[in-house]
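The values are calculated or read from the model by the stated rules, or taken from the named source; none is laboratory data. None of these values were measured; they are calculated from a predicted model. When we count neighbours, we look across all protein chains shown, and the Cβ atoms used for this are built from the backbone with ideal geometry, even at glycine. For accessibility, only protein heavy atoms count, side chains too; no ligands or nucleic acids. Shrake-Rupley method; radii C 1.70, N 1.55, O 1.52, S 1.80 Å.
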Amino acid sequence: MNDTPPDLPVTPVRVATAACPVCGKPVEPRYRPFCSKRCADVDLNRWFGENYRVETSEEPTEDPA
Ligand SMILES: [Zn+2]
């Protein structure tokens with residue numbers, strides 16, 4: 001018989017600002033839902049890229065910046 005752990009109380013996470021889905025930085029209102037135009041472009045390229053690149057074995061390289 002296992003002791004079932006008590007349900008943990010749902011701790012509300014402090015979310016001051018939404019995070020950029022691309023890099024996780026705070027979102028700039030003018031670039032919502034991204035933090036910058038660069039990240040908006042990155043996300044756009046992802047969607048377009050999926051149409052052009054079909055199942056390659058190459059891993060996407062990350063910008064060292
Ligand atoms: Zn970003």
Report task. Residues being open to solvent by 100 Å² or more (accessible area, probe 1.4 Å), part of a loop (DSSP other than H, G, I, E, B) and modelled with pLDDT under 70: count how many of those fall in segment 45-60. Result -> 6
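Mind listing just one residue for me: the one in segment 1-44 that is polar (S, T, N, Q) and open to solvent by less than 100 Å² (accessible area, probe 1.4 Å) and, of those, modelled with the lowest pLDDT? Show your work before the answer.
Looking only at segment 1-44, we keep the residues that are polar (S, T, N, Q), and these are 2, 4, 11, 17, 36.
Add one more test, that the residue is open to solvent by less than 100 Å² (accessible area, probe 1.4 Å), and what stays is 17, 36.
Details: T17: 65, S36: 96.
Checking each candidate, the answer is T17.
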Query raised in the report: Just one of the numbered conditions (1) open to solvent by 100 Å² or more (accessible area, probe 1.4 Å); (2) within 16 Å of the ligand (Cβ to nearest atom); (3) modelled with pLDDT under 75 is not true of D63; which one?
Result: (3)
Query raised in the report: Mind checking which pairs have a first residue in segment 24-47 that is among the aliphatic types (A, V, I, L, M) and a second that is open to solvent by less than 90 Å² (accessible area, probe 1.4 Å) and in a helix (DSSP H, G or I), Cβ under 7 Å, 6 or more apart or different chains?
Result: A40/Y31
